[in-house]
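**Student:** Shown below is the structure under consideration.
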Amino acid sequence: MTDDLVIEVKELCKSYGKLEALKGLSFGLKRGSVLGVTGANGAGKTTLFDILATLDLNFKGEVKIAGFQVKRDYQRIRKLIGYVPGSFSLYPDLTLTENISFFAKMYGSSPGLHTESPFWESLMDFADKRADTLSGGMKQKLAIICAMVHSPEILFLDEPTTGIDSDSRAAIFSELRKLKERGTTVIVSTHYYEEFDYVDSLLVLHEGRQLNYCTMDEIRERFRGDGIYEKFLEECLIQS
């Protein structure tokens with residue numbers, strides 16, 4: 001694996017019986033960058049995230065994370081990553097601090113590390129509230145904190161802003177950029193065009209196929225004026 005790549009995917013294929021969920025994906029991601037993954041429902045985003053998070057080892061092709069092979073070294077990889085799935089996965093009847101302490105103990109980390117998270121400032125006043133009393137945006141921030149309690153090198157987020165208001169979406173992505181500035185590599189799936197402004201590169205999926213993988217600078221150089229992301233995605237679909 002190239003030294004500056006923290007993730008390398010080559011000819012990744014995944015099938016569920018006769019259904020091909022992923023069809024030959026290949027891309028590499030540099031350390032300390034933010035990758036956006038986009039595509040309509042059924043494009044293969046969650047399938048890709050499950051494989052990257054070592055939850056699905058039944059695939060064809062090669063996937064390396066931090067130099068380790070996913071199929072062979074998944075236990076070592078799990079110490080290096082954090083994962084926030086698309087559905088809320090925390091304990092609704094526990095308070096914020098109880099949820100954080102639980103996940104910290106699972107990872108063998110200090111519960112106090114969460115105070116260093118850029119997300120904690122907006123949640124600290126609700127520390128003793130049950131998780132199920134939080135707004136959608138706050139729940140997602142809590143989920144990210146719990147995924148980060150062991151200070152992972154890489155963070156995977158599967159559509160973390162679906163169903164929450166635009167201000168909360170912007171706040172979450174702004175905080176993700178702060179994590180990047182601290183050296184964390186972030187891969188996040190989204191279907192909101194305005195969130196593309198916060199990522200460094202974009203992976204476009206459609207029905208399991210990789211339509212494009214490029215940097216945001218490349219997109220902005222190619223398309224001018226309003227609606228550049230719409231124009232870019234429209235071109236991807238036409239060329240497919």
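The values are calculated or read from the model by the stated rules, or taken from the named source; none is laboratory data. As the structure is a prediction and not an experimental result, all values here were calculated from the model. Positions of Cβ are generated from backbone atoms using ideal geometry, with glycine treated the same way; all protein chains shown enter the neighbour counts.
**Student:** List the pairs whose first member sits in the stretch 195-207 and is without any contact (Cβ under 8 Å) to a residue 40 or more places away in the chain, whose second member is in a helix (DSSP H, G or I) and of a type outside the set (Ser, Thr, Tyr), and whose Cβ atoms are under 7 Å apart, counting only residues at least 6 apart or on separate chains?
**Tutor:** From residues that are without any contact (Cβ under 8 Å) to a residue 40 or more places away in the chain, there are no pairs.
Yes/no matrix, rows are residues, columns are (1) over 25 Å from residue 178 (Cβ atoms); (2) part of a loop (DSSP other than H, G, I, E, B); (3) in contact with a strand residue (DSSP E or B) (Cβ under 7 Å, 6 or more places away or on another chain); (4) at pLDDT 95 or above:
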| position | (1), (2), (3), (4) |
| --- | --- |
| 49 | no, no, yes, yes |
| 54 | yes, yes, no, yes |
| 57 | yes, yes, no, yes |
| 63 | yes, no, yes, yes |
| 89 | no, yes, no, no |
| 92 | yes, yes, yes, no |
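**Student:** Checking residue 36 against (1) in contact with a Lys or Arg (Cβ under 7 Å, 6 or more places away or on another chain); (2) in a strand (DSSP E or B): exactly one of these is not met. Which one?
**Tutor:** With (1) in contact with a Lys or Arg (Cβ under 7 Å, 6 or more places away or on another chain); (2) in a strand (DSSP E or B) applied to residue 36, the lone miss is (1).
**Student:** Listed residues 48, 35, 19; which is without any contact (Cβ under 8 Å) to a residue 24 or more places away in the chain and either aliphatic (A, V, I, L, M) or at negative phi (or both)?
**Tutor:** Values: 48 fails: without any contact (Cβ under 8 Å) to a residue 24 or more places away in the chain; 35 fails: without any contact (Cβ under 8 Å) to a residue 24 or more places away in the chain.
Testing whether each residue is without any contact (Cβ under 8 Å) to a residue 24 or more places away in the chain and either aliphatic (A, V, I, L, M) or at negative phi (or both) leaves just 19.
**Student:** Could I ask something else about it? I need the full set of residues from the stretch 211-240 which are of a type outside the set (A, V, I, L, M), touching a residue at least 12 places away in the same chain (Cβ under 8 Å) and under 23 Å from residue 32 (Cβ atoms), in order please.
**Tutor:** Here is the first cut: in the stretch 211-240, the ones of a type outside the set (A, V, I, L, M) are 212-215, 217-218, 220-227, 229-232, 234-236, 239-240.
Narrowing the set further to residues that are touching a residue at least 12 places away in the same chain (Cβ under 8 Å) leaves 212-215, 229-230, 232, 236, 239-240.
Within the stretch 211-240, 212, 213, 214, 215 meet the criteria.
**Student:** For the stretch 29-45: of the residues being in contact with a strand residue (DSSP E or B) (Cβ under 8 Å, 6 or more places away or on another chain) and surrounded by fewer than 17 Cβ atoms within 10 Å (Cβ to Cβ), which is nearest to residue 179 (Cα to Cα)?
**Tutor:** Going through the stretch 29-45, the residues in contact with a strand residue (DSSP E or B) (Cβ under 8 Å, 6 or more places away or on another chain) turn out to be 29-40, 43-45.
Still in the list and also surrounded by fewer than 17 Cβ atoms within 10 Å (Cβ to Cβ): 30-31, 40.
Values: 30: 15, 31: 12, 40: 27 Å.
Looking at the filtered set, the residue picked out is 31.
**Student:** Consider the stretch 92-121. How many of its residues are in contact (Cβ under 8 Å) with a residue 24 or more places away in the chain and exposed (fewer than 15 other Cβ atoms within 10 Å of the Cβ)?
**Tutor:** 3
**Student:** So, of the residues in the stretch 46-83 that are among the basic types (Lys, Arg) and crowded, with 16+ Cβ neighbours inside 10 Å, which turns out to be farthest from residue 157 (Cα to Cα)? Explain how you work it out, then say what you get.
**Tutor:** Step one: filter the stretch 46-83 for residues among the basic types (Lys, Arg), giving 60, 64, 71-72, 76, 78-79.
The next check asks that each one be crowded, with 16+ Cβ neighbours inside 10 Å; those that pass are 64, 78.
Details: 64: 18, 78: 15 Å.
In this case the residue turns out to be 64.
**Student:** I need the full set of residues from the stretch 1-15 which are β-branched (Val, Ile, Thr) and either at pLDDT 95 or above or not in a loop (DSSP other than H, G, I, E, B) (or both), in order please. It would help to see each step written out before you state the result.
**Tutor:** First pass over the stretch 1-15, keeping only residues β-branched (Val, Ile, Thr): 2, 6-7, 9.
Of everything in the stretch 1-15, those that are β-branched (Val, Ile, Thr) and either at pLDDT 95 or above or not in a loop (DSSP other than H, G, I, E, B) (or both) turn out to be 6, 7, 9.
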